[in-house]
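Participant: Have a look at the structure that comes next, please.
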């Protein structure tokens, strides 16, 4: 199908009247950013959006506005979104691209039941992954985040996510150099002047590491900082003695 | 009297967390979304839930609106129609056997925005005039696609017409409607 043929179908696509395979073909094409088809689609949507104006007007209940506004609480977004959402979006794209490839590999007018089932399953996966994306976005609300960097490790960055609802924190880092011989990295949680060891770790050959732990009792509202130092291996330090590697405050 | 903010400005303010802007958008389009909901869902209580879902989605996911893709009214109606058809197709809706307009009759009016009433009233006149110029069978096919969420195949079956004929009805119907609206 070329763009001229697609634009012939654009009104039916906007109205949702196409059959599933044509609907998918157009959806993926529009997702690819074709400006001409996007313009035709916007025009079709605008025409269709006028149709309800021809209906006899119904009046919603008088208190519906008040009920809606009472639920319109401030929406808070944080840096979690910027870190985790790309991965969730990538998952959606992976399914969409698979669907596109399958569609292109199949004959144009396939009537095979197995092929149709494959497409239907991919469509379902795409819908489910998009739903997961939305759920991920919702679940991120309330999370706290810290980004750790430091002069001693100019190529390294660490991320700490704190989930107060589950009382858990999760740390991962990338780009860190391996600790010097006889040294191990230690993560510290610092609050109200108290430095609490949160775990030790070594980095992989690729410079990555992860740690997971429980959030200790903390004074409400007190600022929290996280830091990584290098400490003598085989010891369990109760306060930092080594060099600061990366550090960051919880937002 | 101070100038009323346009819909684009209101959407921008909603994105910034301005609940008053959400109230103004509701004043302008709450009735339209409710009317569309009653038409698709044929049930006033379902339509009421739809309106609530749509406006709260606008509030919570305001960043999704892209002004380059169309006017806020287009976005609202497209979103409302999509959510209404999802609701109509849901298993719980089907199980309740909602097949005709029913539920609480409520004739009370919201405090609708007077500027919006004038603009929407003029637009409604244009759309009705454009639809009146369509061949009735084209109009029926377009309405079955838009309001009932039916595909070409389903419409062909209901109208007992060949698939190709139904495709022509819908396509030509919508193109003529567009042309009529352009000329109005």
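The values are calculated or read from the model by the stated rules, or taken from the named source; none is laboratory data. What you see is a predicted model, and the numbers here were worked out from it, not measured in a lab. Because the Cβ atoms are built from the backbone with ideal geometry, glycine has one as well, and the counts that use them run over all protein chains shown.
Participant: Might you check whether a residue that is assigned by TED's automatic domain parsing to the domain that holds residue B:27, at pLDDT 90 or above and surrounded by 20 or more Cβ atoms within 10 Å (Cβ to Cβ) occurs anywhere in the range B:127-141? Give the steps one after another, and end with the answer.
Facilitator: Filtering the range B:127-141 down to residues assigned by TED's automatic domain parsing to the domain that holds residue B:27 leaves none.
Within the range B:127-141, not a single residue is assigned by TED's automatic domain parsing to the domain that holds residue B:27, at pLDDT 90 or above and surrounded by 20 or more Cβ atoms within 10 Å (Cβ to Cβ).
Participant: When you scan the range B:109-117, do you find a residue that is surrounded by 15 or more Cβ atoms within 10 Å (Cβ to Cβ), within 10 Å of chain A (Cβ to nearest Cβ), on the phi < 0 side of the Ramachandran plot and at pLDDT 65 or above, even just one?
Facilitator: No, the range B:109-117 has no match at all.
Participant: Considering only the range B:148-184, state which residues are over 22 Å from residue B:81 (Cα atoms), part of a helix (DSSP H, G or I) and either facing chain A (nearest Cβ under 10 Å) or in contact (Cβ under 8 Å) with a residue 24 or more places away in the chain (or both). Let's see the steps before the verdict.
Facilitator: Step one: of the range B:148-184, the residues over 22 Å from residue B:81 (Cα atoms) are B:157, B:159-165, B:168, B:179-180, B:182-184.
Subset that is part of a helix (DSSP H, G or I): B:157, B:159, B:163-165, B:168, B:179-180, B:182-183.
Listed by number, the residues that qualify are B:163, B:179, B:180, B:182.
Participant: Restrict the check to the range B:143-152 and report whether at least one residue is on the phi > 0 side of the Ramachandran plot and not assigned by TED's automatic domain parsing to the domain that holds residue B:89. If you could, list the steps in order and put the result at the bottom.
Facilitator: Within the range B:143-152, the subset on the phi > 0 side of the Ramachandran plot is B:149.
When the remaining residues are screened for being not assigned by TED's automatic domain parsing to the domain that holds residue B:89, the result is B:149.
Yes; the residues of the range B:143-152 include at least one that is on the phi > 0 side of the Ramachandran plot and not assigned by TED's automatic domain parsing to the domain that holds residue B:89.
Participant: Considering each of A:61, A:52 in turn, give the residue that is assigned to a loop (DSSP other than H, G, I, E, B) and either in the same structural domain as residue A:119 (by TED's automatic domain parsing) or crowded, with 16+ Cβ neighbours inside 10 Å (or both). Break it down stepwise before answering.
Facilitator: Values: A:52 fails: assigned to a loop (DSSP other than H, G, I, E, B).
That would be A:61, the only listed residue that is assigned to a loop (DSSP other than H, G, I, E, B) and either in the same structural domain as residue A:119 (by TED's automatic domain parsing) or crowded, with 16+ Cβ neighbours inside 10 Å (or both).
Participant: Would you confirm whether any residue within the range B:10-20 is within 20 Å of residue A:50 (Cβ to Cβ) and either at the interface with another protein chain (Cβ under 10 Å from one of its Cβ atoms) or part of a helix (DSSP H, G or I) (or both)? Quick ask: steps written out before the conclusion?
Facilitator: Applying the first criterion (within 20 Å of residue A:50 (Cβ to Cβ)) to the range B:10-20 yields B:10-11.
Filter once more, keeping what is either at the interface with another protein chain (Cβ under 10 Å from one of its Cβ atoms) or part of a helix (DSSP H, G or I) (or both): B:10-11.
Yes, because at least one residue in the range B:10-20 is within 20 Å of residue A:50 (Cβ to Cβ) and either at the interface with another protein chain (Cβ under 10 Å from one of its Cβ atoms) or part of a helix (DSSP H, G or I) (or both).
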